[in-house]
Amino acid sequence: FADRFGPIPPEVENLLQVVTIMGVCGDAGVVTLDAGPMGVVLSFRGNRFSNPAGLVAWVQGQKGAVKLRPDHKLALLQEMDLPQRVKAARNLLAALARVARQARAA
């Protein structure tokens with residue numbers, strides 16, 4: 001894009017990142033994702049995850065940084081500015097997609 005149209009505006013960069021995140025949501029089985037200044041909360045399609053045992057093990061390995069709430073939502077709670085939220089959401093979804101793929105491979 002940049003060589004043809006010039007520098008990419010921040011709004012377009014944000015849109016490209018959102019589209020990327022939406023694609024990974026499908027791989028991770030995530031239906032909603034809310035990323036605000038106090039953290040990231042997501043919910044799974046049908047309140048189910050394809051690898052529940054893997055999810056529990058992964059959450060336990062996060063040493064309290066990520067919590068599985070009683071309403072079946074996953075929460076990463078910490079103060080973040082916008083670039084940190086995008087990065088945190090992308091990293092969280094990538095990790096969940098890896099855990100979900102482990103169930104498909106088994």
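Please list 49-61, 68-80 highest first by mean number of surrounding beta-carbon atoms within 10 Å per residue.
Values: 49-61: 15.7, 68-80: 13.8.
Averaged packing, sorted descending, gives the order 49-61, 68-80.
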* Cut-off under 5 Å, modelled amide H: who pairs with residue 39 long-range -> 78, 80
* **Net charge dipole size for the chain [Lys, Arg +1 and Asp, Glu -1 on Cβ; Debye, nearest 20]** => 540
* Structure fact -> Given the candidates 15, 72, 42, the one whose Cα lies deepest towards the positive end of the charge dipole of the chain, counting +1 at each Lys or Arg C-beta and -1 at each Asp or Glu C-beta, is 72
* Asked: How many nm is it between the label spots at residue 53 and residue 101, if each spot is 7 Å from the Cα in line with the beta carbon?
  -> 2.1
* To do: Calculate one ³J(HN,Hα) per residue across the range 4-10 by plugging θ = phi - 60° into the Karplus curve 6.51 cos²θ - 1.76 cosθ + 1.60, and present them in order as whole Hz with x for glycine and proline.
  => 9, 10, x, x, 7, x, x
* To do: Report the one residue of 82, 5, 58 whose Cα lies farthest in the direction of the positive end of the charge dipole of the chain (charges on C-beta: Lys and Arg +1, Asp and Glu -1; origin at the Cα centre).
  => 58
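At 4 °C and 1.567 mPa s, grab the translational diffusion coefficient of the range 58-101 from Stokes-Einstein with a Kirkwood Rh over Cα pairs, rounded to a whole number in µm² per second.
On the way: Rh = 11.3 Å.
Approximately 115 µm²/s, per Stokes-Einstein.
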* Return the long-range amide H neighbours of residue 31 (sequence gap of 5 or more, or a different chain), with a cut-off of under 5 Å between placed amide H atoms. => 43, 44, 45
* Relative contact order (%) - the range 33-106, alpha-carbon pairs under 8 angstrom, separation at least six -> 43
* Asked: Placing +1 at every Lys and Arg Cβ and -1 at every Asp and Glu Cβ, with all other atoms neutral, what dipole size does the range 59-106 have around its Cα centre, in debye to the nearest 20?
  -> 220
* For the range 22-27, just list the computed ³J(HN,Hα) in residue order, Karplus coefficients 6.51, -1.76 and 1.60, θ = phi - 60°, integers in Hz, with x standing in for Gly and Pro. => 4, x, 6, 4, x, 5
* Structure fact -> Applied in sequence order to the range 69-86, the curve 6.51 cos²θ - 1.76 cosθ + 1.60 (Karplus, θ = phi - 60°) yields integer Hz couplings, x standing for Gly and Pro, of 7, x, 8, 6, 9, 9, 10, 10, 10, 6, 5, 8, 7, 4, x, 5, 5, 4
* Asked: Just one of (1) 6.9; (2) 9.3; (3) 7.8 is mean projected area of the Cα convex hull in nm² calculated from these coordinates, so which is it?
  -> (3)
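Throughout, read-outs are computed from the coordinates displayed, never taken from laboratory work. Predicted, not measured: the structure shown is a model, and the values here were computed from it. Cβ sites come from the backbone with ideal geometry, for glycine too, and all protein chains shown count toward neighbours.
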